[in-house]
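Notes follow once the structure below has been shown.
The values are calculated or read from the model by the stated rules, or taken from the named source; none is laboratory data. Quantities reported herein were computed from a predicted structural model and do not represent experimental measurements. Neighbour counts are summed over all protein chains in view; Cβ atoms, including those assigned to glycine, are modelled from backbone coordinates with ideal geometry. Side chains are part of the model used for accessible areas, which takes the heavy atoms of the whole protein and leaves out ligands, DNA and RNA. Shrake-Rupley method; radii C 1.70, N 1.55, O 1.52, S 1.80 Å.
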Amino acid sequence: MKKLIMLMLLLSLSLTAFTQKGYKIGDVATDFSLKNINGKVVSMSDYKDAKGYIIIFTCNHCPYAKMYEKRIVELSAKYTDSGYPVIAINPNDPAVVPEDGPKEMKKIAKKHKYNFPYLFDEKQEVFPMYGATKTPHVFLLDKNRVVKYIGAIDDSPKDAAMVKEKYLENAIAALMNGKNPDPSITKAIGCSIKVKS
């Protein structure tokens, strides 16, 4: 009986791996309309001259998100003028983690001089469409909103000085050269997204 239960559990886990929810490489992402920290609603369609979109699901409280704050600011400074704007989205429910509420988002953005929109997925409808599971979790889209890269920003969350592989920057460079990123998927490392109970 124990063997049968174990076999069923393993089968269930393997099926889950193949039925992962959210966008996959090559899918066309639906545009969204989410409120920025300044109260204005932001959509991808607002960026008329975009050559692509760097969508990063992140938050205020997660230690991994905090480790990447400066790097995300640097990515925005480096790529926005080249047509690849950073759009950060906080997917967390502040009822679960009060630190991830809109007031705290404003404070964090001001403190770290965010040079990109920091949107709030208040109804928690956008992150499931993407299949985001961590903060941070990156989705790189081309100008037609086709998903080209999913995963981590780089290979060293804890120390920017120890980065050996800049996954996201390499993926952007590939798009700029008319190529598909390789790898197109890496493992996002961070905190789990906090959902409404």
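Remarks
- Residue within region 109-122 that is acidic (Asp, Glu) and over 13 Å from the mean Cα position of the chain (by Cα) present: yes
- Every residue from region 53-78 that is open to solvent by 10 Å² or more (accessible area, probe 1.4 Å) and assigned to a strand (DSSP E or B): TYR53
- Where a residue in region 25-39 is at negative phi and buried (at least 19 other Cβ atoms within 10 Å of the Cβ) and its partner, wherever it lies, is small (Gly, Ala, Ser) and assigned to a loop (DSSP other than H, G, I, E, B), with Cβ under 9 Å and at least six apart: PHE32/SER43; LEU34/SER43
- Residues of region 79-103 classified as in contact with a Phe, Trp or Tyr (Cβ under 9 Å, 6 or more places away or on another chain), closer than 23 Å to ASN177 by Cα and either β-branched (Val, Ile, Thr) or open to solvent by 20 Å² or more (accessible area, probe 1.4 Å) (or both), total: 3
- Test: residue in region 167-188 that is in a helix (DSSP H, G or I), open to solvent by 70 Å² or more (accessible area, probe 1.4 Å) and more than 15 Å from GLY52 (Cβ to Cβ): no
- PHE139 being surrounded by 15 or more Cβ atoms within 10 Å (Cβ to Cβ), modelled with pLDDT of 95 or more and either in a loop (DSSP other than H, G, I, E, B) or small (Gly, Ala, Ser) (or both): no
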